[in-house]
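The values are calculated or read from the model by the stated rules, or taken from the named source; none is laboratory data. Remember, predicted model here, so these are calculated numbers, not experimental data. Quick reminder, even Gly has a Cβ in these numbers, built from the backbone with ideal geometry, and neighbours come from all protein chains shown.
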Ligand SMILES: Nc1ncnc2c1ncn2[C@@H]1O[C@H](COP(=O)(O)OP(=O)(O)O)[C@@H](O)[C@H]1O
Ligand SMILES: [Mg+2]
C-alpha cells in the first residue's frame, strides 16, 4: 500500500509531539481502563449472582421463628402470593477446630430427607449431600472447609449443637445462594476461619436440636408479581403463636444486601471515574489541538490552496485524535483487564459464588473505545471545524498579534507593580482565562480523585477508637440462647479468670410510625455498664433515660419522628408485646436501625423481670483460653466472640482491600495531573518560544526564562488546590451515598493527611512535568527560534 | 486571438474592517490567454495578491465576474472552488510554504496524491533541477531550493494555470534568476499559462505581456516585443 504524503505528515507530527501525544493517550487509557475494570467487575458479580440465584432457586422471603409444627406448612402455602415453601431447621453450632485456640462458630441448616431443598439448593463443590439414613454426615461451606483443610469423604469435625458434642463426617463441600456473603456481625466482614455454615440431613438435625416434627425457619418463593411486603406482613401476623421473629424480603437478606450494596458502588464508579478521565482527555485534546492548528495555519492554508477539501484537512487532524484514542485504548484495555482481574480477585473472598471471574467482552471494550472517541471528538470538534472553515487566502497571512491590555487586572493596574517578565506571565495567562480555569479545574479533579482513593482510611482510626476503645471494651462476648436473670449473671463472676461481667438485653423489634415500618433491635443496657455502652460518633457516650428510648438518628429520619414523639414498637420474640415508646434522644450511631434504653425499661416493655441476652466479660489473659472453652461448653451459650480477633480481622481486611484500590486510583490521578500540567507547559512553551528566545538573546538567564514559563503552571496548581479539597470531599460524599444508610453510616472524615497527600500528588506531578519542559527551555535554539516564521 | 483561459471583468474587492473600508480591487478587467506568461507589476498594496487569490479560487470578489473556460468562478461555492484549485491551478508563494515535516518528494506527493494524471514527484523535481535532493526536508534546503520544490509541487499536477505571488520576493538576485528560469522553462516546455507577481520592474522583461496595477485598478497592459531570458535580467 502506498502511504499518502498527508499520512506521513501525520506520523511525523505524532513523533514530534510524542510527549504530549503519550500523556493524552495515557489519560484516555485510564478512562478506558477504569471503565473496563469497573464494568467487568460489576458484570462478574452481577452475572455470577443472577446465575447462582436462578440455578439454585434463591428464595424471595424468609421467616425465622421459635418453633412451629410441620403441620402449619399448608397454611403458609395458602398465603396469597406464595409459590413455593421450604421449611427447615436453622441453629447454631460451636466447632472446636484443631487450628484455632478457641472454637469457631457455625450456622447449621437442615437439608430435607428427600435430598435437594426446594429453595436455596446447595452447589456441591466436592462430595455429595448428606444421606438421611446416616445422621453423622455433614456438608461444610467451602470457604470454612478450605480455611481448615477439610476434604469431602476424608475429614471429620466436632460440633457442639444444643450443648451436645457430635462427631460429624464431612461428606461434601458446598456453596449456597443464601450465604454468598457470610459476615461476622461484629466486624461486618467475612472471617472464614471462625465462621462457617453446616448442612445436615433434617432427621439428624431435628434430633440434635430437639426439633422433631417441627421447624424454625421458612424460605418462600413468591408468585410472579406478588408483593414481598404484603407476604412479610401476613407471615408476621400469622407466625406470632409460633414465636415469629420477623419475616424479611430479599432486600433485607444480609448476604443479598451486601452484594447489592457493592454492585451499586461499582455502578457508580463505572460511570463517575471514566467521565472524569474522558472529560480531561477531551479538554487536553482541545488545548493541544488548538495549538497544533495555530502552529500549522500556514500548512493548512497551503493544503487548501493545493486543492485539498476542507473536510480532508479536518479529517487529517481528526485522525490525530483517533490515533490518540486508539493508542490510549490499546494501553487502557490491558490495564483495565489487569485492574479488573485484581479487583475481582479482591472480591472473591467476600462473595462466594460457584464461578466468579472477571469478564471482558468485546462490547465493553467497544463501549469504552466509542465513549473515548466521542469525548475526544467533542474536545476536538470546535478546533477541527475552525480548520475546515479557515479560508485559504486568509490563512496565507500570519495571525494578527493578539490584542492585549483589556483585562481587568490591566485596568485595575495591578500589573504595574510587577516586573516586566512577571507582567509577561500575567498578561499571557489572563488573556486565556478559560484555559487557566479549566486547567486548574482539571488539576483539582486529579486531587479529588486522590482524595476519593484515600479517604476511606481516614475514618478507620476514628472508627476503631470508637468501636474498640469505647463501645466494645470486653475481652469476651457471649451470645446466649435464652436470656438469663441477674442472679445467673452473678454466677459468671465466680468463674476463674473473670474480672468483671455485665450483660445487655437485645430484642428484635419492629418499629412503626405512620405508614413507615422498619425492623431493628432494642437494646437494654445495665445502669453501671462499663464494658459495653452506647456510643455515638465521633466518640461520645450516650446517657440513657428510663423515661423512653434513644434511637438511631437514621431511624427517626425514616420514621419521620423526632425527640418527644412516640413510636409503636413490637417485639419479634416472646409474647410479641406491642407498645408505644417515647423517643428521648437521637443517637449518631454507625450502623443499623436501633433503639437503646436502660435494662429496666426494656424489661418493662417485654413484661418480664430484667434479663440479659448477651454477657460481656473482662478476663485475666492467662485464664482466657480455658474460660473460652468452658463457656462454649455451656448449653445456653450460642457463641463466644473475642474482641482481639475482631480487631485483627478488621485491620487486615480493610488494609488489604483498600491498599490496592488506593494505589491504582493515585496512579490514575497522577496521570491526569501530569497530562494537564505537561501539556499546558508544552503549549505555553511553543506559544512563547519566540518571546522566550528573544529574552535569552537580551541576556535573561535560563532560570529567569524558565521562571516566566513555569510561573503560569505554578499559578494553575495554586488555584487548583483550594478547589481540589472541597471537590474531593464532594466526591467522597457522593461515593458514600451509594452505601445504604440504614445499614452502615460510615463517618465521612477526610483527614489533613489525605488533603496533604492529594496536594502533594499534583505538586509532584507538576514539578516532574516542569522539569521535563525546563530541559527544553534550557535547549532553546536561539537562532532557530528567531529564524522561524509562523 | 484565442479564447482566454481565465477572464475577469469588473472585479472589486472591499475589505471591511470595522468602520474602515479598504478597496483592494476597484474594478479590474483581466485576461489570461493559453500558454502565455504574464507579469503583474505594482507597488505594495496595489491589489496584486488580491487579484491573484481571486483568479486562483482562493478568494471571492465582492462584485464582478470571473470565468475559467466555461466555469463561472465568481458564482462557485467553496466545493467547486476547491475542485477548480485541485484540478486546474498551481500556486507558488513568496514564502515557499512547504510542509516542514515532509521531504521535498513528499511535499510534491501532497499534490500527486490528489491530482488526476500527475507527473511523478521525482520527474517534477528533476524538471526544477532538484533530482538529487528529493529526500531532503525543507530545513535542509536553501531558500531558492525550497522555492523550486514549491514550483515542482505546483506543476506536478500539470496545471492549466500557474499563479506565482512574488516567487523571488524572499530571494537574492542570483537565486531569483534561477527560480524565474525554471518558471520560464515550465511555461515553454509544458505550455502552462503562467502569471507572476513581482514588484521588481526589470523582471517584466521575461513576460509575453505586462499588466501594471495601481490602487486597485489596471494602469497599463502592454505586450513585449520579445521575451528576455531571466538569466539576462538583473535587479
Ligand atoms: N484580509 C485583508 N483584510 C483587510 N485588508 C486587506 C486584506 N488583504 C489585503 N488587504 C488590503 O488590500 C490592499 C491590497 O492588498 P494586496 O492585494 O495584498 O496588495 P499587494 O499584493 O499588491 O501588495 C492593501 O491595502 C491591503 O492592506
Ligand atoms: Mg502581495
Can you say whether residue B:96 is more than 8 Å from chain A (Cβ to nearest Cβ) and at pLDDT 95 or above, as far as the supplied structure shows? no
Of those in the range B:164-176 that are away from ligand 1 (no atom under 16 Å from the Cβ) and touching a residue at least 40 places away in the same chain (Cβ under 8 Å), the residue nearest to the other protein chains (Cβ to nearest Cβ) is B:176
Residue satisfying condition, being in contact with a helix residue (DSSP H, G or I) (Cβ under 8 Å, 6 or more places away or on another chain) and more than 15 Å from residue A:26 (Cβ to Cβ), within set A:284, A:266, A:278: A:266
Checking the conditions here, which among A:381, A:390, A:373 is at pLDDT 55 or above, more than 15 Å from ligand 1 (Cβ to nearest atom) and under 17 Å from residue A:292 (Cα atoms)? A:381
Regarding residue B:87, is this residue within 8 Å of another protein chain (Cβ to nearest Cβ) and either in a helix (DSSP H, G or I) or in contact (Cβ under 8 Å) with a residue 12 or more places away in the chain (or both)? yes
Within the range A:33-45, can one find any residue that is in contact (Cβ under 8 Å) with a residue 24 or more places away in the chain, away from every other protein chain (no Cβ under 14 Å) and farther than 20 Å from residue A:358 by Cα? no
Has the range A:35-48 got at least one residue that is within 30 Å of residue A:314 (Cα to Cα) and not assigned by TED's automatic domain parsing to the domain that holds residue A:237? yes
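Assess whether residue A:43 counts as being in a helix (DSSP H, G or I) and farther than 29 Å from residue A:344 by Cα.
No, not satisfied.
With away from ligand 2 (no atom under 16 Å from the Cβ), within 14 Å of chain A (Cβ to nearest Cβ) and touching a helix residue (DSSP H, G or I) at 6+ places or on another chain (Cβ under 8 Å) as the only criterion, which of B:179, B:161 stands out?
From the options B:179, B:161, the qualifying one is B:161.
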Residue check: is residue A:697 over 30 Å from residue A:268 (Cα atoms) and at pLDDT below 75? yes
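Look through B:204, B:226 and report the one residue that is within 16 Å of ligand 1 (Cβ to nearest atom) and either surrounded by fewer than 16 Cβ atoms within 10 Å (Cβ to Cβ) or away from chain A (no Cβ under 14 Å) (or both).
One residue alone meets the criteria, B:204.
Give the residues of the range A:637-650 that are part of a helix (DSSP H, G or I) and touching a residue at least 60 places away in the same chain (Cβ under 8 Å), sorted by residue number.
Residues satisfying the conditions are A:643, A:644, A:645, A:646, A:647, A:649, A:650.
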Could you check, for the range B:51-59, whether at least one of its residues is more than 15 Å from the chain's Cα centre (by Cα), within 13 Å of chain A (Cβ to nearest Cβ) and surrounded by 22 or more Cβ atoms within 10 Å (Cβ to Cβ)? no
Residue B:104, sole failed condition from (1) farther than 24 Å from residue B:200 by Cβ; (2) within 14 Å of ligand 2 (Cβ to nearest atom): (2)
Among the residues of the range A:463-473, are any at pLDDT 90 or above and not in a helix (DSSP H, G or I)? yes
So, in the range A:289-316, exactly how many residues are at pLDDT 90 or above, surrounded by fewer than 21 Cβ atoms within 10 Å (Cβ to Cβ) and away from chain B (no Cβ under 11 Å)? 1
I'd like to verify a number: residues in the range A:209-251 that are closer than 23 Å to residue A:175 by Cα, in contact (Cβ under 8 Å) with a residue 40 or more places away in the chain and assigned to a helix (DSSP H, G or I), how many? 1
Selection status of residue B:139, within 11 Å of chain A (Cβ to nearest Cβ), crowded, with 24+ Cβ neighbours inside 10 Å and at pLDDT below 95: no
Of (1) within 14 Å of residue B:38 (Cβ to Cβ); (2) more than 14 Å from chain A (Cβ to nearest Cβ); (3) more than 16 Å from ligand 2 (Cβ to nearest atom), residue B:133 fails just (1)
Is it the case, given these coordinates, that residue B:36 is more than 16 Å from ligand 2 (Cβ to nearest atom), within 30 Å of residue A:10 (Cα to Cα) and either within 8 Å of chain A (Cβ to nearest Cβ) or surrounded by fewer than 24 Cβ atoms within 10 Å (Cβ to Cβ) (or both)? no
Within the range A:275-282, does at least one residue satisfy the condition of being within 30 Å of residue A:741 (Cα to Cα) and surrounded by fewer than 23 Cβ atoms within 10 Å (Cβ to Cβ)? yes
Complete set of residues in the range B:182-201 that are within 16 Å of ligand 1 (Cβ to nearest atom), in contact (Cβ under 8 Å) with a residue 60 or more places away in the chain and more than 14 Å from chain A (Cβ to nearest Cβ): B:195, B:196, B:198, B:199, B:201
